[in-house]
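Each reported figure results from applying straightforward, stated rules to the coordinates on display, with no laboratory input. Given the structure is predicted, the values throughout are model-derived calculations rather than measurements. Here the Cβ is made from the backbone with ideal geometry for all residues, glycine too, and neighbour counts use every protein chain on show.
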Amino acid sequence: MAPAPTRAVILAAGRGLRLGLPCQSKVLAPVAGVPLLLRTLRTLAAAHVRTVVIVVGHRAEDVMAAVAGNEAGMRVMFVRSPRFATTNNAYSLWLAREWLTEDLFVLDGDVVFDAPILAMLDATTTAAACGVARWRAGLDGTVLELTTEGLVSAMHPNGGLRVGETAAGMFKTINVHLLRRDYLEAEFVPLLSELIASGGEQSFYEEVLARTVRRGRHRVAGVDCTGVAWQEVDDGTDLEIASFVFGSAGQRQDLLARQHGGYWRHPVTDHCLLTNPFFPPADLLAELAAGIFGAVTGYPVGQDRLRELLSAVVGLPPAELAVANGASELIRALGRILTRVALVVPCFGEYEAVFGEPPITMPWPSLHVDVDQVYDEAMRLGARAVIIESPANPTSRQVPADDLLRLAALLARTSARLIVDESFADFGAAPRTLGAHLATNPNIVIIRSLSKAYGVAGLRLGYLACADEDLLGAVLAELPIWNINGLAEAFLRLLPRYGAAFDESIAQVRAARDELYTMMCQRPCFAQVHRPDANFVLARLADPLTAAEIALAMLARHGIMVKDCSGKSMPRAESYLRLASRTGAENQRLVAAIDDIMATLPERRS
């Protein structure tokens with residue numbers, strides 16, 4: 001077997017305009033705090049590469065200065081591309097042709113990857129080897145087809161294939177290649193020079209490899225690196241993903257926390273945010289996709305028509321409704337309208353951000369809502385409105401409808417309002433809403449997020465319902481004329497057709513949640529598990545365990561996100577985990593991961 005390559009060429013001349021860094025070289029973009037190029041140099045050094053040639057162009061002086069002192073024990077040379085603004089990577093590689101004389105790795109400067117990929121390429125016996133990964137939506141660039149023996153049978157450089165339409169089941173190059181000396185001398189360098197001489201300065205060097213495949217004189221292997229960490233960094237989203245993939249557990253956790261969402265873009269299972277994994281059904285999504293052109297390019301309807309559309313879904317008169325861009329928009333609107341509001345805690349953090357004082361704290365450890373206590377505290381505080389969640393976040397406990405009606409009647413004696421957040425009520429016991437009592441209880445205000453029950457958090461839909469015309473008018477006055485986007489409107493129009501599918505999804509959520517609750521009750525690591533009424537379970541860890549350490553370990557070892565409730569307004573908050581229920585299989589993996597963490601925790605602590 002030939003010795004492992006000790007030379008590499010890195011193509012780092014590009015401007016990286018899509019990354020939005022006009023005053024910085026793309027290859028110096030920080031990935032989890034470390035410039036991309038310096039990460040690559042460390043990876044090459046770990047693979048025993050001893051000579052590195054870097055082709056530079058845009059911000060060349062900055063790149064060379066950054067590398068100085070960070071060569072990781074390797075000999076590093078630079079080749080300048082004077083025409084980097086008008087040429088592509090085939091031209092950059094051609095400029096380094098005098099170094100293409102022995103087995104070497106060729107890689108783009110905008111890819112970050114783990115060292116095992118280099119060893120996997122070197123394990124091949126072909127003239128050339130391309131690191132590849134299974135194509136998926138969102139990948140851009142050269143795609144190829146492989147034989148059952150792992151040889152490249154067809155290669156389609158950029159522009160040669162409409163990737164989004166036809167690449168399913170194919171592979172994409174990860175822009176890390178191994179080229180052998182004999183192949184370089186006999187075919188690759190001559191073909192590369194021929195390409196440049198014929199006006200191909202704006203071409204990709206993969207076109208040479210594609211021609212090699214078509215000629216059939218040399219074999220090119222496609223090494224499937226799907227299971228190994230890598231990321232091409234073309235734009236800000238790529239950089240975000242790379243920082244997650246290559247960051248420490250703490251960095252990953254911080255990145256996700258700053259985003260407040262978008263977790264589906266990362267290799268994690270989200271047992272933190274709360275939604276319905278069984279809805280919407282595929283048919284509804286297909287209908288939504290079919291009308292996406294008009295929904296995206298046209299203006300959505302205004303509030304009057306939206307209220308009519310929502311009425312067909314929730315069964316309340318349009319005159320009692322206000323449709324919002326998620327419940328959060330309503331919470332902020334009420335914050336500008338109401339005064340002297342008493343908030344029952346613990347609850348959703350957005351309420352505390354707007355109505356933080358004065359709180360009415362539920363007794364520990366039951367966290368049970370006693371409406372008589374709530375009323376007494378509200379009167380003591382001189383409250384003009386009380387906000388209560390049912391079921392509550394994070395307790396997952398529902399307040400019986402009769403208790404809420406009794407509390408509303410008590411508050412009505414002093415002309416105070418009862419604002420009930422029913423965002424999780426569909427998962428609890430009947431009745432699912434107090435909507436039928438609004439006309440006879442004008443001091444009751446309902447807030448609902450549709451994101452949780454209907455599984456469409458990205459559409460941002462919510463509503464307020466009440467029979468108080470003055471309050472409803474004040475809320476509507478706070479909302480912009482176009483506060484709901486076209487996709488959300490389209491979803492509302494389709495929703496009445498899928499009532500049976502929605503009810504079935506709720507039954508599935510309840511079954512999966514109850515199974516999760518049972519499994520959690522059997523784990524000695526939990527000192528208390530609250531019986532849930534929503535689509536999540538709240539549990540208190542046994543001493544001396546803390547939610548922060550368990551949440552970090554779950555993300556680091558299993559790629560699972562859970563909610564650390566340390567910031568919630570309740571006693572011993574640092575001991576509580578909130579676990580969102582997903583499918584039965586995902587819940588089982590969640591509990592298995594908890595078992596694994598607990599089995600190794602004493603060893604890790606010691």
How far apart, in nm, are the 7 Å Cα→Cβ label points at T148 and I481? 6.5 nm
Fully extended contour minus Cα-Cα distance, from S248 to T600, at 0.36 nm per residue: 124.8 nm
Qualifying aspartates and glutamates (Cα of each under 15 Å from Cα of K26; at least 8 residues distant if same chain): E61, D62, D108, D110, E232, D234, D235, D238, E240
Restricting to bridges with both residues inside the stretch 282-496, how much of the DSSP beta-bridge set is antiparallel, in percent to the nearest 5? 35 percent
I need the calculated FRET efficiency for the pair R97 and R134, taking r as the beta carbon distance and R₀ as 25 Å, to the nearest 0.05. 0.15
Once amide H atoms are built 1.01 Å from N in the peptide plane, which residues 5 or more positions from V34, or in another chain, come under 5 Å H to H? none
How high is the relative contact order of the stretch 7-240, in percent, counting Cα pairs under 8 Å that sit 6 or more residues apart? 26 percent
Simple spin-label estimate for R497 and A257 in nanometres, 7 Å along Cα-Cβ: 4.4 nm
Based on the Cβ-Cβ distance of A548 and E185, what FRET efficiency does E = 1/(1 + (r/R0)^6) give at R0 = 56 Å, to the nearest 0.05? 0.45
Order of 335-343, 191-199, 9-17, 549-557 by packing, highest average Cβ count within 10 Å first? 9-17, 549-557, 335-343, 191-199
Taking the highest mean first, how do the peptides 297-306, 85-94 order by number of other beta carbon atoms within 10 angstrom per residue? 85-94, 297-306
So if each residue of separation counts as 0.36 nm, and I subtract the Cα-Cα distance between R557 and S366, what length gain in nm does that give? 65.6 nm
Mean residue ellipticity (222 nm) of the chain, computed from DSSP H runs ≥ 4 via -39,500 (n - 2.57), nearest 500: -11000 deg cm²/dmol
Round to the nearest 0.05 the FRET efficiency obtained for T339 and D224 when R0 = 51 Å and r is the Cβ-Cβ distance. 0.25
Select from A197, G428, S25 the residue farthest towards the positive end of the dipole of the chain; place +1 on Cβ of Lys and Arg, -1 on Cβ of Asp and Glu, and compute about the Cα centre. A197
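Using the Cα centre of the stretch 7-240 as the reference point, and only Cβ charges (+1 on K/R, -1 on D/E), how large is the resulting charge dipole? Debye, rounded to the nearest 20.
The calculated dipole for the stretch 7-240 is roughly 220 debye.
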Multiply the residue separation of D470 and E350 by 0.36 nm, subtract the distance between their alpha-carbon atoms, and state the gained length in nm to one decimal. 40.8 nm
Using the Cα centre as the reference, give the magnitude of the dipole from point charges on the C-beta atoms of the chain (Lys, Arg: +1; Asp, Glu: -1; all else neutral), rounded to the nearest 20 debye. 680 debye
Select from L487, A467, T339 the residue farthest towards the positive end of the dipole of the stretch 282-496; place +1 on Cβ of Lys and Arg, -1 on Cβ of Asp and Glu, and compute about the Cα centre. T339
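In percent, what relative contact order does the stretch 282-496 have, based on Cα pairs under 8 Å that are 6 or more apart in sequence?
With pairs under 8 Å counted, the relative contact order is 29 percent.
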Would you work out which of A45, V55, W135 lies farthest towards the positive end of the dipole of the stretch 7-240, given +1 charges on the beta-carbon of Lys and Arg and -1 on that of Asp and Glu, about the Cα centre? V55
When DSSP beta bridges are limited to those with both residues in the chain, what percentage is antiparallel, rounded to the nearest 5? 50 percent
Ordering of 416-426, 223-233 by burial proxy (mean other Cβ atoms within 10 Å per residue, highest first): 416-426, 223-233
Sequence-separation-based contact order of the chain, relative, with Cα cut under 8 Å and 6+ spacing, percent: 13 percent
Once you have a ≥ b ≥ c as the square roots of the Cα gyration tensor eigenvalues for the stretch 7-240, tell me rounded if a/c is under 1.5, and otherwise prolate or oblate according to whether a/b is larger than b/c. rounded
Computed magnitude of the charge dipole of the stretch 91-229 (debye, nearest 20; Cβ of K, R +1, Cβ of D, E -1): 400 debye
Non-local residues with an amide H under 5 Å from the amide H of A154, with H modelled 1.01 Å from N and Pro and chain starts lacking one, are E145
Which of the lysines could a cross-linker span from K568 if the Cα-Cα distance has to be under 29 Å and same-chain partners fewer than 8 positions apart are dropped? K452
